[in-house]
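See below for the structure under consideration.
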Amino acid sequence: MTKETEDFSSSSKCAMVIYPDLRERSRSSCNPEARLEETIGLALAIKLKIVHSSVLHLREIRPSTLFGQGQVSLLKSYVAEKDVDLLILGSSLTPVQQRNLEKALRCKVIDRTALILEIFGARARTAEGRLQVELAALMYQRSRLVRSWTHLERQRGGLGFIGGPGETQLEMDRRLISQRIIKLKKELEDVKRTRSLHRQARKRVPYAVVALVGYTNAGKSTLFNRLTRADVFAEDLLFATLDPTMRIVKLPSGKEIILSDTVGFISDLPAHLIASFRATLEEVLEADLIVHVRDISHTETLNQKQEVIKVLEELELSEALEKNFIEVLNKIDLISEPVQALFISPDSIPLSALTGQGVEVLLKRIEEKLGEQHRIAEVIVPLSAGEKLAWFYQHGEVLSRRDEKDGIHLSVRLSPENWMRYRKIKLH
């Protein structure tokens with residue numbers, strides 16, 4: 001399959017996107033056409049001008065160049081004909097394959113990981129986000145010392161994987177990179193401790209935390225903005241959100257919760273990249289409820305769901321997926337057939353974050369789910385035990401109070417965590 005792609009950008013850098021599809025792999029559920037489109041979406045997210053894109057089917061992987069000699073010649077003709085500055089491959093490349101392809105094609109070549117890192121480098125806004133991006137990029141770069149490292153030159157944002165002649169080049173050896181990695185990990189540990197303190201402070205308020213998760217570009221930030229009336233960056237771009245954002249949301253009953261918008265997931269994300277962003281994903285680990293936002297209009301929606309579930313399971317959230325989990329089917333305004341015809345679970349909530357349709361249903365479901373987690377304790381607090389009485393008011397929701405001669409009779413709704421604390425310290 002070959003196609004010419006419309007110029008979506010005013011950028012002068014001409015890019016060609018190729019998805020290498022191994023015949024054996026093509027028998028799997030992975031759709032090579034969809035993977036190609038996803039890679040194009042990643043390239044467009046940083047304003048590259050796509051002049052050609054195609055799927056190339058491989059009988060086998062060549063260790064030296066990935067492609068066979070005939071396909072390398074074909075790519076070389078595309079590069080010359082389209083005046084291509086950059087070849088983007090929608091799969092991983094070894095350093096040797098990357099170097100040999102650059103020599104043969106006489107243009108810069110990057111793989112999917114480098115492209116994702118470039119987007120992360122251009123989008124990260126907070127200090128934590130920048131630390132995470134640099135750590136992931138350094139770990140990726142450590143095995144590719146044949147190339148120049150340009151992340152210190154930020155004239156146009158990004159991490160410099162795509163940068164051409166004229167940019168400042170700084171060659172770093174393995175020892176210097178390793179030292180920087182150690183330093184970054186220490187800094188991220190400090191960030192981790194700070195976030196932990198913030199979470200402890202929130203627990204004392206206390207607010208339940210609801211985390212939005214989902215495949216990149218599923219509409220999480222649009223839904224977040226709709227629910228919180230915030231103005232988080234939300235566009236029809238892959239990885240529009242990188243830094244975690246939290247806001248207070250009022251439920252139908254008037255009760256307030258904290259809603260967290262997280263980085264979008266994507267298929268085949270390298271392990272070191274997930275590890276580097278673990279601090280961001282810790283908001284999911286600490287959440288009382290996970291809301292999985294799916295783009296129901298996407299042709300690969302089921303595969304995207306599986307990728308998200310796989311990452312959540314890697315974060316050891318299997319139990320939460322069974323109990324404290326809501327599935328949202330977003331972008332119903334983009335589909336013509338009824339949602340019921342898509343073989344979706346009846347427990348899923350169809351909505352449109354763009355129009356607001358179904359949002360009230362989601363808020364009610366969130367309230368119901370959080371309510372299911374709480375337990376009601378009937379306690380008698382001695383009249384002289386002011387601290388114990390204050391504990392219940394601070395950590396629970398007092399449903400009723402009766403002052404009697406034998407003490408203060410309370411009916412209190414407690415979260416699972418505070419229920420365990422209540423049982424442990426035997427406040428009753």
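For segment 69-148, what is the largest minus smallest coordinate of the Cα atoms on each principal axis, given in angstrom and ordered from greatest to least?
Principal-axis extents of the Cα atoms in segment 69-148, largest first: 45, 24, 20 Å.
Could you work out how much longer the chain between GLU256 and SER92 gets when fully extended? Use 0.36 nm per residue separation minus the Cα distance between them, nm to one decimal. Don't skip to the answer; put the middle values down first.
Values: separation 164, 0.36 × 164 = 59.04 nm, distance 4.42 nm.
Going from the current span to full extension adds 54.6 nm.
If you wrap a convex hull around the C-alpha atoms of segment 374-425 and split its volume per residue, what is the figure in Å³?
Working: hull volume 3.4 nm³, N = 52.
Enclosed volume per residue, from the Cα hull, is 65 Å³.
Contour minus end-to-end for GLU314 and GLU360, with contour as 0.36 nm per residue of separation and end-to-end as the Cα-Cα distance?
Values: separation 46, 0.36 × 46 = 16.56 nm, distance 3.15 nm.
This chain segment gains 13.4 nm when fully extended.
Take the Cα of ARG413, step 7 Å along the line toward its Cβ, and report every residue of segment 372-400 whose backbone nitrogen sits under 20 Å from that point.
372-380, 390-400, by backbone N distance to the label point.
Sort the following peptides by mean Cβ neighbour count (other Cβ atoms within 10 Å, averaged over residues), highest first: 106-112, 78-84. Kindly include the intermediate steps, with their values, before the conclusion.
Working: 106-112: 20.4, 78-84: 15.3.
The packing order, highest mean first, is 106-112, 78-84.
Sorted by mean Cβ packing within 10 Å, highest first, what order do the peptides 306-314, 89-97, 56-64 take? Mind dumping the intermediate values first?
Details: 306-314: 16.2, 89-97: 18.2, 56-64: 13.4.
Top of the packing list down: 89-97, 306-314, 56-64.
At R0 = 35 Å, how high is the FRET efficiency between ARG106 and ARG142 if r is their beta carbon distance? Nearest 0.05 is fine. Mind showing how you got there, number by number?
Values: r = 26 Å, r/R0 = 0.75.
Efficiency for this residue pair is about 0.85.
What FRET efficiency do you get for LYS47 and LYS323 if R0 is 56 Å and r is their Cβ-Cβ distance, rounded to the nearest 0.05? Working shown, then result.
Values: r = 43 Å, r/R0 = 0.76.
So, using R0 = 56 Å, E works out to roughly 0.85.
Using a Förster radius of 45 Å, what is the FRET efficiency between ARG130 and LEU22 based on their Cβ-Cβ separation? Nearest 0.05, please. Before the final figure, lay out each step's value.
On the way: r = 36 Å, r/R0 = 0.79.
So the FRET efficiency works out to roughly 0.80.
Pop a pseudo-label 7 angstrom from the Cα along the beta-carbon direction at both ILE248 and MET420 and give the gap in nm to one decimal.
Taking the two extended label points, one gets 2.7 nm.
Which of the lysines could be linked to LYS305 by a straight reach, that is with a Cα gap under 18 Å, when you skip same-chain ones fewer than 8 residues away?
LYS220, LYS323, LYS331
Nearest 20 debye, what's the magnitude of the dipole of segment 374-425 about its Cα centre given +1 on Lys and Arg Cβ and -1 on Asp and Glu Cβ?
Details: 9 positive and 7 negative charges, 34 e Å.
About 160 debye.
Based on alpha-carbon centroids, what's the gap between segment 351-428 and segment 63-80 in Å, whole number please?
Distance between centres, Cα-based: 65 Å.
Values in this text are rule-based calculations from the coordinates and carry no lab data. Not measured: the values here are computed from a predicted model. Note that we place each Cβ from the backbone using ideal geometry, even for glycine, and neighbour counts take in every protein chain shown.
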